[in-house]
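Shown next, in structure tokens, is the structure this report addresses.
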Amino acid sequence: MQTQLFDLSQFRKKKAPAQEEFESNNLDILLAFRDIVPRCFERLHKEIFGVIEPVSQDKNLPAVVMSGFMRGELIKLFPEACRNATTQRFQLAGTKNEQIFIKKLDERRRPSNIPTVDSVLIYNQRSKSMADTTPNIFLGYTATDDWSGFTGTYAVCIDGDKTVWESDLSMLCDNRGSLIVKMPVEPVAPKTPKIKEGVVKIKKKAE
């Protein structure tokens, strides 16, 4: 259950797009993201796990590195669609001006953040501006607990605690009608150790 920080009825409600329409309109971005994730995982293992010993790694390091790698590739491929590329909350603009946020997803294929005014509004399809009607979509991936590989890539539309729809990108067809399923990247470095009891965990900063 999400933490309620304020009365959501005070903010403009956005209308979620139909899944099929979103997939069709943004197919290039979705297929590109599906290819980007395995490449970024390979870089994570070779350039980070292969250099920084597990005991020296912060628990948030893999997610932060993945975010940076994915951001860089998306900016190169879709510069015209990238919004706030130099700010903390990176997003892309869909073909119908949808606000597409890039996130690591949990086992329920949902993003997670420390509740803030902005994140709660985004999760609940709300806006501070009455002129803003563009829906919020999350484009993300799931990974194993030890970061040995990714387990899926998805586009997800949520409204509060409700998942409106979920698109498994491995099931999307390319423009030639062929189905391409990406397999998890094989681990190339030691697993990140679990945090020992008594160690204070660092809270994840809100995006």
**OP:** Could you grab me the full set of residues in the range 51-83 that are among the small types (Gly, Ala, Ser) and assigned to a loop (DSSP other than H, G, I, E, B)?
**Re:** Ala81
**OP:** Give the residue that is nearest to the chain's Cα centre (by Cα), with candidates limited to residues of the range 95-110 that are assigned to a loop (DSSP other than H, G, I, E, B) and either of a type in the set (D, E, K, R) or buried (at least 20 other Cβ atoms within 10 Å of the Cβ) (or both).
**Re:** Leu105
Original post:
Just one of Asp118, Asp159 is surrounded by 12 or more Cβ atoms within 10 Å (Cβ to Cβ) and either of a type in the set (Gly, Ala, Ser) or at pLDDT 90 or above (or both); which is it?
Top reply: Asp159
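Quick check, is Pro115 assigned to a loop (DSSP other than H, G, I, E, B) and out of contact with any Lys or Arg (no Cβ under 9 Å at 6 or more places or on another chain)?
So Pro115 passes the test.
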Subject >> Subset tally (residues that are more than 19 Å from Leu8 (Cβ to Cβ) and in contact with a Gly (Cβ under 8 Å, 6 or more places away or on another chain)) for the range 88-136 >> reply: 6
Original post:
Failed condition for Thr133, given (1) within 17 Å of the chain's Cα centre (by Cα); (2) open to solvent by 50 Å² or more (accessible area, probe 1.4 Å); (3) over 26 Å from Lys76 (Cα atoms), with all others met?
Top reply: (1)
**OP:** Could you list, in sequence order, all residues of the range 63-94 that are more than 28 Å from Glu23 (Cβ to Cβ) and in contact with a helix residue (DSSP H, G or I) (Cβ under 8 Å, 6 or more places away or on another chain)?
**Re:** Val65
Original post:
Thr142: more than 15 Å from Leu30 (Cβ to Cβ) and open to solvent by 20 Å² or more (accessible area, probe 1.4 Å), yes or no?
Top reply: no
Subject >> Count of the range 36-58 residues which are farther than 21 Å from Arg89 by Cβ and under 18 Å from the mean Cα position of the chain (by Cα) >> reply: 6
Original post:
Residues of the range 61-103 being touching a Lys or Arg at 6+ places or on another chain (Cβ under 6 Å) and either modelled with pLDDT under 90 or farther than 18 Å from Ala32 by Cβ (or both), which ones?
Top reply: Ala63, Phe90
Original post:
What tally of residues in the range 11-42 results from selecting those that are under 18 Å from Ile102 (Cα atoms), open to solvent by 80 Å² or more (accessible area, probe 1.4 Å) and either among the basic types (Lys, Arg) or touching a Gly at 6+ places or on another chain (Cβ under 9 Å) (or both)?
Top reply: 1
**OP:** Return yes when Trp147 is more than 15 Å from Ala63 (Cα to Cα), aromatic (Phe, Trp, Tyr), touching a helix residue (DSSP H, G or I) at 6+ places or on another chain (Cβ under 6 Å) and modelled with pLDDT of 75 or more and no when it is not.
**Re:** no
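The values are calculated or read from the model by the stated rules, or taken from the named source; none is laboratory data. Please read all numbers here as calculations on a predicted model, not as lab measurements. Note: ideal-geometry Cβ built from the backbone for every residue, glycine included; neighbour counts use all protein chains shown. Remember, those area values only see protein heavy atoms, side chains included, never the ligands or the DNA or RNA. Shrake-Rupley method; radii C 1.70, N 1.55, O 1.52, S 1.80 Å.
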